[in-house]
Amino acid sequence: MATVVVTDSTSDIEPARARELGIAVVPLFVIWGDRSYRDYVDLSREAFYERLAGEPILPTTSQPTAQMFEEAFAPRVAAGDEIVCISVSSKLSGTINSARTAAARFPGARIEVVDSLTVAGGLYLQVTSAATLARAGASTDEILQALQADRQTQHLFACLADLSHLVRTGRIGKAKAVIGTLMKIVPVLTLADGMIAARAQVRTLARAQEMMIDLTTGEIADPAGTRFLVMHTNAPQLAASVAARLRERLAGVEPEMLEVLEAGPVIATHGGQGAVGIFSAAG
């Protein structure tokens with residue numbers, strides 16, 4: 001008996017990477033007009049951004065069905081495996097409810113559904129860590145303990161070129177965005193108890209990016225034992241610059257991980273193009 005990891009596509013794990021680590025990824029939906037596309041299945045990053053640039057109608061997103069999680073769980077249960085299913089924050093999506101409904105359909109199996117309280121790069125860090133432990137032979141209980149530690153040490157600081165997408169999709173209050181626009185304030189966003197919140201407010205996007213790096217390094221007690229993930233929405237040059245500035249700020253200390261990852265269709269639907277964020281967690 002082994003433990004296997006299941007997650008949803010807001011983790012933005014490359015399909016090849018997911019296969020390498022034995023992770024099953026259940027896609028959310030991107031809805032464009034009257035058509036629904038499965039994240040990373042029917043709609044790639046490249047196709048999404050190309051269409052976003054020329055399509056006047058903006059997309060929305062929808063959570064997976066319980067049936068989709070059931071289909072991911074069934075072969076693992078049949079193999080006698082235990083399952084750790086790690087979901088996008090329940091404060092940002094109802095995806096975890098579909099996973100819980102599906103898990104209840106296998107009363108004889110051990111399926112642990114975990115609320116990551118994060119999204120995108122934060123979920124990526126939790127899921128890849130859990131899968132690495134699982135492949136090394138860790139038990140379900142050991143993986144759950146590691147995930148709890150991850151949630152306690154994890155941070156996100158991000159800045160968006162345009163808050164209107166978060167307003168339109170309901171992930172940030174309209175009043176906050178309007179006030180920020182009128183006052184010409186750029187917020188540095190974070191996740192607090194699984195919800196998007198403003199951690200700092202500055203006057204320019206460039207200053208917001210510097211503040212994002214300041215806040216990230218200010219939370220780190222042991223840079224050498226920290227995993228960093230710089231995430232962006234169709235802004236590779238900006239993300240590379242942020243990663244380079246972050247590395248400079250570490251003053252020669254080599255972190256456990258420092259990678260750049262482009263967000264996929266679902267995350268970009270909410271964040272818009274040109275967003276960048278730094279996720280970090282203890283190793």
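The values are calculated or read from the model by the stated rules, or taken from the named source; none is laboratory data. What you see is a predicted model; the values in this text were computed from it and never measured. So basically every Cβ, Gly included, is an ideal-geometry build from the backbone, and we count neighbours across all protein chains shown.
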Hits in the stretch 248-281 - residues which are of a type in the set (D, E, K, R) and surrounded by fewer than 17 Cβ atoms within 10 Å (Cβ to Cβ) | GLU248, ARG249, GLU254, GLU256, GLU259
Consider GLU46 carefully, then state whether it is out of contact with any helix residue (DSSP H, G or I) (no Cβ under 7 Å at 6 or more places or on another chain) and of a type outside the set (Lys, Arg).
-> yes
Is the stretch 243-250 home to any residue that is at pLDDT 90 or above and either assigned to a loop (DSSP other than H, G, I, E, B) or under 15 Å from ALA120 (Cα atoms) (or both)?
-> yes
Check on GLU50, at pLDDT 95 or above and more than 20 Å from the chain's Cα centre (by Cα) = no
Taking the stated definitions as given, is ARG227 surrounded by 14 or more Cβ atoms within 10 Å (Cβ to Cβ), touching an Asp or Glu at 6+ places or on another chain (Cβ under 8 Å), among the charged types (D, E, K, R) and farther than 25 Å from TYR49 by Cβ?
-> yes
If you go through the stretch 230-239 one residue at a time, do you hit one that is farther than 29 Å from GLN148 by Cα, at pLDDT 95 or above and touching a Lys or Arg at 6+ places or on another chain (Cβ under 9 Å)?
-> no
Residue list for the stretch 115-142, restricted to those being under 14 Å from the mean Cα position of the chain (by Cα) and among the β-branched types (Val, Ile, Thr) | THR118, VAL119, VAL127, THR128
